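Reviewing the structure listed below.
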Amino acid sequence: MCTAEILLEDFDAEMAGTRKTLERIPEDKPDYKPHEKSMICGKLAMHVAALPLFAKYILTEPGMDMGNSQLPRADLTFRTREMMLASFDAYASDARKALAAASDEDLAAKWKFSFGEHLISNESRSRTYRLMFFNHLIHHRAQLGVYLRLNEIPVPGLYGPSADEPFAA
């Protein structure tokens with residue numbers, strides 16, 4: 001089994017859990033934030049929805065300079081849940097295709113990520129993908145779980161039961 005095949009197993013499970021979380025984002029509270037330093041709910045949800053676009057770039061571009069990139073950026077303006085989910089589905093589909101096409105050699109290649117002269121990372125594509133996309137997405141998805149809880153919206157069980165979705169008998 002090649003590295004991409006292993007990563008795809010996790011990708012499919014995490015994208016399903018991410019979609020399950022995004023489906024619960026309230027349309028009537030896009031400006032909600034639990035703390036003054038927190039990102040507003042709509043923008044955070046759109047960031048989570050758009051992160052698979054970053055995965056695609058990691059897997060298909062030779063590197064990225066965020067200060068000078070000509071690559072299209074996702075619009076992080078929350079309009080409707082339906083539009084957010086459509087964006088997520090398209091980005092996740094493109095990321096999945098890029099991952100499925102990645103060889104072990106592609107994933108072992110260095111991927112430079114910077115902001116102008118500031119070096120953020122210069123690790124292998126597979127490590128950058130896992131840290132900067134996958135772990136990043138899971139972190140922000142967990143934040144959305146807190147936003148849901150604080151708004152009395154059922155939190156999905158992602159790795160087992162949640163207080164709102166216990167195991168069925």
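Overview of values
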{"quantity": "Axial C-alpha extent at least 24 Å, average Kyte-Doolittle at least 0.5 - helices from the chain (DSSP)", "calculated": "41-60"}
{"quantity": "Above-threshold pairs, the threshold being 20 Å between Cα atoms, out of Lys43/Lys110; Lys43/Lys112; Lys56/Lys112", "calculated": "Lys43/Lys110; Lys43/Lys112"}
{"quantity": "Value of relative contact order over segment 3-150, rounded to a whole percent, pairs C-alpha under 8 Å and six or more apart", "calculated": "32 percent"}
{"quantity": "Highest-fluctuation residue, Leu148, Leu51, Leu99 considered, GNM on the chain with Cα pairs under 10 Å", "calculated": "Leu148"}
{"quantity": "Nonlocal amide H pairs with Trp111, under 5 Å, H built at 1.01 Å", "calculated": "Glu123, Ser124, Arg125"}
{"quantity": "Cut-off 13 Å between beta-carbons: net charge of the residues surrounding Tyr159, Lys and Arg +1, Asp and Glu -1", "calculated": "-1"}
{"quantity": "Nearest-20 debye value, segment 40-153 charge dipole, Cβ charges on Lys, Arg, Asp, Glu", "calculated": "260 debye"}
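Each value in this text was obtained by applying a stated rule to the coordinates, not by laboratory testing. Nothing here was measured: the structure is a model prediction, and the numbers come from that model. Don't worry about glycine lacking a Cβ; one is built from the backbone with ideal geometry, like all the others, and counts go over all protein chains shown.
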